[in-house]
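Q: Next up is a structure, given as C-alpha cells.
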C-alpha cells in the first residue's frame, strides 16, 4: 500500500539553515559571498553559518576562498552532482519560492513583487518567458542583473517590469492597460502580500472597483 509523504523532501534532506544558504548560493552561482553577507540575506545567524558552510565546502558542494581575514563561499558548479542538486532545489521549492530567494540581495529595496499566476506555475519542460512585476526603490538595471543568473538557473527568460510606488499609483490613476491587467488577473506574490498591494491602492481601489 502506497502512503503519501508527510514530510517535505527538502526538510528531510536539509535543515532550515542549510536550505537557506544553499538556495542563495545555487541561485547566484557566479557570486562569492562572505559569511556576514549570507547571514544578512538569509537571516541565518553568522555563528551557525560558519559550521554549515564549512561542512558543505568539505563535501565539495561549495568553493571556499580566503583573502586576508575574509572568507568567501560560492557554489562549485564543477561538482558532478551540481546539476542534480540545482534541479532538486528548483522542483521542490517551487518556482515562486525560487524567484523570492533569488531576489534576496534586493529585498530591502523591494516593497512588492509578484508574478501573473499564469506564468508562476513551475513546469520542468516549459521554456516560456516569466513575467515579474517589482515595485520599490530598486533600479531596473539592478533587477535585470539579479534575475539574469536566475533565468539561466531556471532555463527560462524573466521579463521584469520595475516601477516606483509613485509610478505604479500613477499608472493605476491613468488606467494603464498593462497595469490594470496586472491588477485584474490572478497573481502570485513574491514579496509583500495582496493586503499590502490593496493598502497601497486603497483610494484608487474604491474609485476603480478593483478586487485584489
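Q: Working carefully through the options 85, 104, 93, 150, find the one that is in contact (Cβ under 8 Å) with a residue 12 or more places away in the chain and either in contact with a strand residue (DSSP E or B) (Cβ under 8 Å, 6 or more places away or on another chain) or loosely packed, with under 14 Cβ neighbours inside 10 Å (or both).
A: Criteria check complete, one pass: 150.
Q: Considering only segment 153-178, how many residues are over 13 Å from the mean Cα position of the chain (by Cα) and either without any contact (Cβ under 8 Å) to a residue 12 or more places away in the chain or under 22 Å from residue 74 (Cβ atoms) (or both)?
A: 8
Q: If we keep just the residues of segment 85-137 that are within 11 Å of the chain's Cα centre (by Cα) and assigned to a loop (DSSP other than H, G, I, E, B), which is modelled with the lowest pLDDT?
A: Top of the filtered list is 94.
Q: Which residues, counting only those in segment 47-84, are assigned to a strand (DSSP E or B) and more than 25 Å from the chain's Cα centre (by Cα)?
A: 65, 66, 67, 70
Q: Just to check your reading of the model, which residue among 64, 51, 18 is in contact with a helix residue (DSSP H, G or I) (Cβ under 6 Å, 6 or more places away or on another chain), surrounded by fewer than 17 Cβ atoms within 10 Å (Cβ to Cβ) and either without any contact (Cβ under 8 Å) to a residue 12 or more places away in the chain or not assigned by TED's automatic domain parsing to the domain that holds residue 159 (or both)?
A: Exactly one of 64, 51, 18 is in contact with a helix residue (DSSP H, G or I) (Cβ under 6 Å, 6 or more places away or on another chain), surrounded by fewer than 17 Cβ atoms within 10 Å (Cβ to Cβ) and either without any contact (Cβ under 8 Å) to a residue 12 or more places away in the chain or not assigned by TED's automatic domain parsing to the domain that holds residue 159 (or both), namely 64.
Q: To continue, here is another question. Could we say that residue 177 is modelled with pLDDT under 85 and at negative phi here?
A: Taking the combined requirement at face value, the residue does not satisfy it.
Q: Another one. Quick check, is residue 188 modelled with pLDDT of 95 or more and not in a helix (DSSP H, G or I)?
A: No, not satisfied.
The values are calculated or read from the model by the stated rules, or taken from the named source; none is laboratory data. As the structure is a computational prediction, the values presented were derived from the model and not from experiment. No Cβ is skipped: glycine too gets one built from the backbone with ideal geometry, and neighbour counts run over all protein chains shown.
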